[in-house]
Every structure is written in structure tokens, then in C-alpha cells.
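See below for the structure under consideration.
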Amino acid sequence: MDFIIDNVTYELITASDVIRDGLGIELWNKDKHEMIAEIFRNDNLRKIEFFSVECVLPFEVIEIFVAAFEKNVGRLYQD
């Protein structure tokens, strides 16, 4: 899913990770082709983890990011 805020195009990508045993959603700055943040549901550790690079983002981007995690990934751990 792509969206534009303050003339920056962002992309959300849902991805599974076999090595870390879970599912996450990545936030990309599509204009710069770089990943900005990730919310990852680690099914093995039964934790939800957040990773980000150091950057300043409009809060609206964070709201969309978290809502997409809840909708596309969710908090139900898989065995």
C-alpha cells in the first residue's frame, strides 16, 4: 500500500521471516528506496518488536503504519 504525506511517498510491505519466526510490516520511504521502520510479531518469542532508523516522521505516518499492522498482521501469535 502506498500513500503520500508531505510530498513523500511511503510504502507498506507485509513480510514473513522464517529465520525470526514471525510476520511483520515494513515502512519504506519509496522516494529514497529505504526502509524506515518495521513492526514485527515474533511468534517464537511471543513479542511484538519495533525497529526504526533515526528519522523524523509526521505522526500521521505512524498512525497509518500501526493501523496497517493491526489489520494485516495482528497480535495473534502462531504456533
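Things worth noting here:
- Residue in the stretch 71-79 that is modelled with pLDDT of 95 or more and assigned to a helix (DSSP H, G or I) present: yes
- Selection within the stretch 15-30 - modelled with pLDDT of 95 or more and outside any strand (DSSP E or B): Lys30
- Every residue from the stretch 1-40 that is within 11 Å of the chain's Cα centre (by Cα) and exposed (fewer than 13 other Cβ atoms within 10 Å of the Cβ): Ala15
- Test set (1) out of contact with any strand residue (DSSP E or B) (no Cβ under 7 Å at 6 or more places or on another chain); (2) surrounded by 13 or more Cβ atoms within 10 Å (Cβ to Cβ); (3) of a type outside the set (S, T, N, Q) - Asp43 fails condition number: (1)
- When residues in the stretch 49-63 are screened for being crowded, with 16+ Cβ neighbours inside 10 Å and not in a loop (DSSP other than H, G, I, E, B), 1 of them pass.
- Residues that are assigned to a strand (DSSP E or B) and touching a residue at least 24 places away in the same chain (Cβ under 8 Å), drawn from the stretch 37-48: Ala37, Ile39, Arg41, Ile48
- Look at (1) of a type in the set (Asp, Glu); (2) loosely packed, with under 12 Cβ neighbours inside 10 Å; (3) in contact with a strand residue (DSSP E or B) (Cβ under 6 Å, 6 or more places away or on another chain) and you find that Asp79 fails only one, number (3).
The values are calculated or read from the model by the stated rules, or taken from the named source; none is laboratory data. All of these numbers come straight from a predicted model, not from anything done at the bench. Backbone-built Cβ (ideal geometry, glycine too); neighbour counts: all protein chains shown.
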